[in-house]
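The structure appears right after this line, and notes come after that.
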Amino acid sequence: MFSVAAWGADSERVFRAMEAAHDSVDHIDSLLQRHVAFAAIDSMRRAVHQRTGVAMPVDSIAYGYALDRAAMALANAVDSALLDVGGQYYWLGRPTHRAVGIPDPDNTLRSLGVVDLQAGSVRTQGQRNAPRGGARSVTVLAPDALAANAWAAALLALGCDRALALAQGMHVVCVDSAGVRSSTGAGAGAGAAPAREP
């Protein structure tokens, strides 16, 4: 479920950091299975609930936290890295241009759009056979993976009109029957370009 590609001048140091990143994700997973609370996750859940009214279970946003912790394990040992946990990506290193497709929840062989991940994390949440007027997909680009994961989950539940209205300060791409719409927040930190059709 977790994968990482990392680059750096000292291959032994990079290898050890990659092992530490894997260990970090495994450790978090074992703690979650024992229902250990995480202050960062609880804080994010409260912030999202306060702003949206959407309550999220811990396990729905835990991937984001695990991805952030894995990135921390790599940060001082690599020049750059691309991490993936459960289809959520995190770019660590100097800003770059990574085209990330927004998958169609009804047909995984098709993309609904593409975003440009330059730094930070991107998370897409989708729902198959979305109800009329409901969001099919919400993609959030954020400086950290926990925020991208939590906001994508919450905003999907709200639908595109409400999600985009609440997306101030974030880069959000929402897909519904009206098409691909986006909100580019000044504080997104992910350096994302607007979504485009594939």
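Within segment 33-68, restricting attention to residues that are under 20 Å from Gly86 (Cβ atoms) and of a type in the set (S, T, N, Q), which residue is modelled with the lowest pLDDT? So, considering only residues that are under 20 Å from Gly86 (Cβ atoms) and of a type in the set (S, T, N, Q), the one modelled with the lowest pLDDT is Ser60. Residues in segment 127-141 that are in a loop (DSSP other than H, G, I, E, B) and in contact with a Pro (Cβ under 7 Å, 6 or more places away or on another chain) were compared, and the one that is surrounded by the fewest Cβ atoms within 10 Å (Cβ to Cβ) is Arg128.
Annotation note: Cβ proximity below 7 Å between a residue of segment 28-56 that is in contact (Cβ under 8 Å) with a residue 60 or more places away in the chain and a residue that is among the basic types (Lys, Arg) (sequence gap 6+ or interchain) occurs for Met56/Arg45. Pairing each residue of segment 117-143 that is without any contact (Cβ under 8 Å) to a residue 40 or more places away in the chain with any residue that is among the charged types (D, E, K, R) and assigned to a strand (DSSP E or B), provided the two are 6+ apart or on different chains, yields C-beta distances under 6 Å for Val140/Arg123.
Results for (1) of a type in the set (Ser, Thr, Tyr); (2) part of a strand (DSSP E or B); (3) in contact with a Cys (Cβ under 8 Å, 6 or more places away or on another chain); (4) at pLDDT below 90, shown as yes or no for each residue.
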position	(1), (2), (3), (4)
Gln125	no, yes, no, no
Leu156	no, no, no, no
Asp161	no, no, no, no
Gly185	no, no, no, yes
Ala195	no, yes, no, yes
Pro198	no, no, no, yes
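If you go through segment 78-105 and keep only what is assigned to a strand (DSSP E or B) and under 22 Å from Arg128 (Cβ atoms), you end up with Asp84, Val85, Gln88, Tyr89, Val100, Gly101, Ile102, Pro103, Asp104.
The values are calculated or read from the model by the stated rules, or taken from the named source; none is laboratory data. All values reported here derive from a predicted model rather than from experimental measurement. Here Cβ is always computed from backbone atoms with ideal geometry, including for glycine, and neighbour counts include all displayed protein chains.
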